[in-house]
Amino acid sequence: MHILVVEDEVRLAETLKEILKTQKYTCDLVYDGEDGLAYAESGIYDVILLDIMLPKMNGFDVVRTLRSKKVSTPVILLTARDEVTDKVKGLDCGADDYLTKPFSTEELLARIRAVSRRLGEVLLDELQFADLTLNLSNCTLSCKTKSIKLGYKEFEIMKLLMANPGAIISKDDLLVKVWGYESDAEDNNVEVYISFLRKKLHFLESAVNIATVRKIGYHLEGDV
Ligand code: CA
């Protein structure tokens, strides 16, 4: 699992990173709300741990902006305060859960497991974009009456593109998310799989196109 931690208290952020490492989760740390939003918008994370009181942009605004851009990554708010109104406000903004500081390691890990499970089981049974439907349980991509099974990497790429319809997904994001940090796959591996997917979209007679943004990455085009 790949986790984003947005927390301006450096010592707490480092502690969180250490805890996550013990579970073999990979983790990126950022220290203010604007960076948090920019990283989170990439859509490459499985869970986001988000402090509320942050420099530049508070956690409520970060999660509200993410949801308005259709980024559905589960967010756990970290709050120093335990007033009910804060919790309600956080959930209303689109957060999935909250943790009141100080929290125990066990509680943190349990919440992370819970929200990431929820993502797989309930929230995202299938993804839709324009005339396409991606079934997340059997890896089938459909358009009107036609459907086709995707290979594992094709499926993971399509899932990232369809889960973040407003975003440009970079080749680096795809390499990390689909091939993993340890892999020595390169940009042209991504290009090969994108071309497989384009052939499948053609077969499906979909109006959706995987557009290339030169030197940046890919995004989906189509009438939504
Ligand atoms: Ca803070």
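The values are calculated or read from the model by the stated rules, or taken from the named source; none is laboratory data. It should be emphasised that the depicted structure is a prediction, and the values quoted were computed from it without experimental measurement. In this analysis, Cβ positions are derived from the backbone assuming ideal geometry, glycine residues included, and neighbour counts consider all displayed protein chains. Ligands, DNA and RNA are excluded from the accessible area calculation, which covers all protein heavy atoms including side chains. Shrake-Rupley method; radii C 1.70, N 1.55, O 1.52, S 1.80 Å.
Among the residues of region 165-211, those that are open to solvent by 80 Å² or more (accessible area, probe 1.4 Å) and within 20 Å of the chain's Cα centre (by Cα) comprise ASP172, TYR181, GLU182. For region 77-95, the set of residues classified as assigned to a loop (DSSP other than H, G, I, E, B) and modelled with pLDDT of 90 or more consists of ALA95 only. Any residue in region 12-39 that is without any contact (Cβ under 8 Å) to a residue 24 or more places away in the chain sitting within a Cβ distance under 9 Å of a residue that is in a loop (DSSP other than H, G, I, E, B) and open to solvent by less than 70 Å² (accessible area, probe 1.4 Å)? List the pairs, counting only those 6 or more apart or interchain. Correct list of pairs: ALA13/GLU7; GLU34/LEU54; GLU34/PRO55; GLU34/MET57.
Would you check if PHE103 is more than 24 Å from LEU175 (Cα to Cα), part of a loop (DSSP other than H, G, I, E, B) and within 16 Å of the ligand (Cβ to nearest atom)? First the steps, then the outcome.
Values: more than 24 Å from LEU175 (Cα to Cα): yes; part of a loop (DSSP other than H, G, I, E, B): yes; within 16 Å of the ligand (Cβ to nearest atom): yes.
Yes, satisfied.
Filtered by the rule that a residue be farther than 18 Å from ARG117 by Cα, touching a strand residue (DSSP E or B) at 6+ places or on another chain (Cβ under 8 Å) and among the polar types (S, T, N, Q), region 15-56 gives a lone residue, SER42. When each of SER206, SER142, SER183, SER147 is tested for being over 23 Å from LEU4 (Cα atoms) and part of a loop (DSSP other than H, G, I, E, B), the lone residue that passes is SER206.
With respect to the stated conditions, LEU150 is more than 28 Å from LEU29 (Cβ to Cβ) and crowded, with 17+ Cβ neighbours inside 10 Å. Scanning region 67-74 turns up no residue that is within 15 Å of the ligand (Cβ to nearest atom) and surrounded by fewer than 23 Cβ atoms within 10 Å (Cβ to Cβ).
One residue stands out among those in region 212-224 that are among the aliphatic types (A, V, I, L, M) and open to solvent by less than 70 Å² (accessible area, probe 1.4 Å): the one that is nearest to CYS139 (Cα to Cα), which is LEU220. Of the residues making up region 28-60, those that are of a type outside the set (Gly, Ala, Ser), more than 16 Å from the ligand (Cβ to nearest atom) and open to solvent by 20 Å² or more (accessible area, probe 1.4 Å) are ASP28, TYR39, GLU41, ASP46.
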